[in-house]
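K.L.:
Here's a structure for you.
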Amino acid sequence: MITSAGRIVLAAVFLYAGGLKALDPAGFALSIDNYRLLPYPAAAALALYLPWLELGCGLAVLWLRIRPGALVVLLGLGLVFSGVIASAWLRSLDIGCGCFGGDAHGRSALAVSLVRSVFLVLLCGWLLGREWEQHSADGAGRSG
Amino acid sequence: MTAPDKMNAARAFFFRAFRQAGVLLLAALIPALLAGAFHPRRPSWSRDQTMIPEVAWSTVREWPGLRLLVDARSEEAFRRQHIPGALPLSEVQWEERLPAFIKAWQPGARVAVYCDNAGCQASQAVARRLRRELGINDVFVLKGGWGAWLEAQK
């Protein structure tokens, strides 16, 4: 039950975030560029690609057959996002996260975004662990 | 399960997971390429073409007709100090503050949005939303923001 709730929360977050960013890739490109980590054309390419990756993985989390792969991707994305937000916070950039469209700007807003991102990483890790446990249990049941 | 069996099972599980991840990573390319070709709000490949143009305070000051100044900073910053006559409108308080802006705006008015300084991005975000959601084309970003306006008063 808790595992199902966790999957639904994770899926909802990434479907919402991906959907918002897919509606305005130009705005998202500027948000990525604000972090000053990539040349602008790379930011524009990521702005076109990432929302669809989030949407696809958000849906895939709810689909048993491809759930482990989705959790691996989302875990990787979460680690990258957390690192990027942390770097912006450390450099005191007066920017918004860019995670959900109209974010607040500034250091405290980035701190909130970082905490949220770390929470999602932990949730992904826990759900991936649960998938592995289920896989092990199924394997033991078959061989037992 | 013996320890070797567990190792093999783990290897198989993660191999399958990474293979699925690869499929998802590749599958996302298709809508991304379509968005790049057809999305009405696709980014240009040049930053300057995607950003809202900036204008200096010396230009804004000389604008004929109705001139609206929008403060995209936090409520707290606005309350402390702001350009006289500016309207507060940040992304965080968008729904709450937008009606006052709409009431003040008239066709033909030029809008200059500002935030703290040249490094902040809130003004670009607010200006983009005004253009996109209200269809107002004469929206610009005040170059250097609040900091530049303060300098100009010296």
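K.L.:
I'd like the distance between the alpha-carbon centres of region A:56-121 and region B:26-87, rounded to an integer number of Å.
P.N.:
24
K.L.:
Using the Cα centre of chain A as origin and beta-carbon charges of +1 (Lys, Arg) and -1 (Asp, Glu), tell me which of A:Leu20, A:Ala45, A:Cys57 is placed farthest towards the positive end of the dipole.
P.N.:
So the residue furthest toward the plus end is A:Cys57.
K.L.:
Averaged per residue, what accessible surface does the protein assembly as shown expose to a 1.4 Å probe, in Å²?
P.N.:
Heavy-atom accessible area per residue stands at 51 Å².
K.L.:
In region A:32-52, what residues drop by 50 Å² or more in accessible surface going from the chain by itself to the full protein assembly, probe 1.4 Å?
P.N.:
Going by heavy-atom accessible area, the residues of region A:32-52 that drop by at least 50 Å² are A:Tyr40, A:Leu48, A:Tyr49, A:Trp52.
K.L.:
Interface B/A, total buried accessible area with a 1.4 Å probe, nearest 100 Å²?
P.N.:
3300
K.L.:
Quantify how strongly other chains surround peptide B:56-63 by giving the mean number of their Cβ atoms within 10 Å of each of its Cβ atoms.
P.N.:
Whole-number average of other-chain Cβ neighbours for B:56-63 is 0.
K.L.:
Over all residues in B:42-49, what is the mean tally of Cβ atoms on other chains that come within 10 Å of each residue's Cβ?
P.N.:
Rounded to a whole number, the mean comes out at 6.
K.L.:
Residue-wise, which Karplus ³J(HN,Hα) couplings in Hz belong to region A:77-91, taking 6.51 cos²θ - 1.76 cosθ + 1.60, θ = phi - 60°, and x for glycine or proline?
P.N.:
4, x, 5, 5, 4, 4, x, 5, 5, 4, 5, 5, 5, 5, 8
K.L.:
Under a 5 Å amide H to amide H cut-off, with H placed in plane at 1.01 Å, what residues pair with B:Val70 once short-range neighbours are removed?
P.N.:
B:Leu87, B:Ala112, B:Val113, B:Tyr114
K.L.:
Here is a further query. Can you tell me the dipole magnitude for region B:44-154 around its Cα centre, using point charges on the Cβ only (Lys, Arg +1; Asp, Glu -1), in Debye to the nearest 20?
P.N.:
Dipole of region B:44-154, to the nearest 20 debye: 160 debye.
K.L.:
I want the antiparallel fraction of DSSP beta bridges within the protein assembly as shown, as a percent rounded to 5.
P.N.:
10
K.L.:
Next up: Mind listing the lone cysteines of chain A, meaning no other Cys beta-carbon sits under 4.7 Å from theirs?
P.N.:
A:Cys57, A:Cys124
K.L.:
I'd like to compare A:66-72, A:125-131, B:4-10: which one has the highest average count of other Cβ atoms within 10 Å, and what's the full order after that?
P.N.:
The most tightly packed comes first, giving A:66-72, A:125-131, B:4-10.
K.L.:
Springs between alpha-carbon atoms under 10 Å, Gaussian network over chain B: tell me which of B:Glu91, B:Glu62, B:Glu75 tops the mean-square fluctuations.
P.N.:
Highest fluctuation of the listed residues: B:Glu62.
K.L.:
Quick check: with the 1.4 Å probe, what order do A:Thr3, B:Thr2 take by accessible area, largest first?
P.N.:
From most exposed to least exposed: B:Thr2, A:Thr3.
K.L.:
Just read off the accessible area of B:Trp94 with the full protein assembly in place, 1.4 Å probe, to the nearest 10 Å².
P.N.:
10
K.L.:
Kindly report, to the nearest 10 Å², the accessible surface of A:His135 as traced by a 1.4 Å probe over protein heavy atoms only.
P.N.:
40
K.L.:
Okay, moving on. Any chance you could give the angle, 0 to 90 degrees and rounded to 10, that helix B:94-104 forms with the longest Cα principal axis of chain B?
P.N.:
On a 0 to 90 degree scale, this one is about 30.
K.L.:
How many Cβ atoms of partner chains, on average, are near each residue of A:16-23 if near means within 10 Å of its Cβ?
P.N.:
Across the residues of A:16-23, the mean count of other-chain Cβ atoms within 10 Å is 1.
K.L.:
How big is the charge dipole of the protein assembly as shown about its Cα centre, in debye rounded to the nearest 20, if each Lys and Arg gets +1 on its Cβ and each Asp and Glu gets -1 on its Cβ?
P.N.:
340
K.L.:
Please report the carbon-and-sulfur percent of the accessible area for region B:53-154; probe 1.4 Å, protein heavy atoms only, DNA, RNA and ligands left out.
P.N.:
Carbon and sulfur: 50 percent of the exposed surface of region B:53-154.
K.L.:
Given charges of +1 on the Cβ of Lys and Arg and -1 on the Cβ of Asp and Glu, with all other atoms neutral, how large is the dipole of chain A about its Cα centre, in debye to the nearest 20?
P.N.:
180
K.L.:
Moving on to the next point. Along the charge dipole of the protein assembly as shown, pointing to its positive end and built from +1/-1 on Cβ of Lys, Arg, Asp and Glu, which listed residue (B:Gln121, B:Ala35, A:Ile66) has its Cα farthest out?
P.N.:
Comparing the listed Cα positions along the dipole, A:Ile66 ranks first.
K.L.:
With every protein chain in place, what's the accessible area of B:Ser58 (1.4 Å probe, Å², nearest 10)?
P.N.:
Spelled out: B:Ser58, probe radius 1.4 Å, area about 60 Å².
K.L.:
Okay, next question. Ordering B:Phe101, B:Phe14 from largest to smallest accessible area (1.4 angstrom probe), what's the sequence?
P.N.:
B:Phe14, B:Phe101
The values are calculated or read from the model by the stated rules, or taken from the named source; none is laboratory data. If you're wondering where the values come from, they're calculated on a predicted model, not measured in any experiment. In this analysis, Cβ positions are derived from the backbone assuming ideal geometry, glycine residues included, and neighbour counts consider all displayed protein chains. Quick note on the areas: whole protein, heavy atoms, side chains included, nothing else; ligands and nucleic acids left out. Shrake-Rupley method; radii C 1.70, N 1.55, O 1.52, S 1.80 Å.
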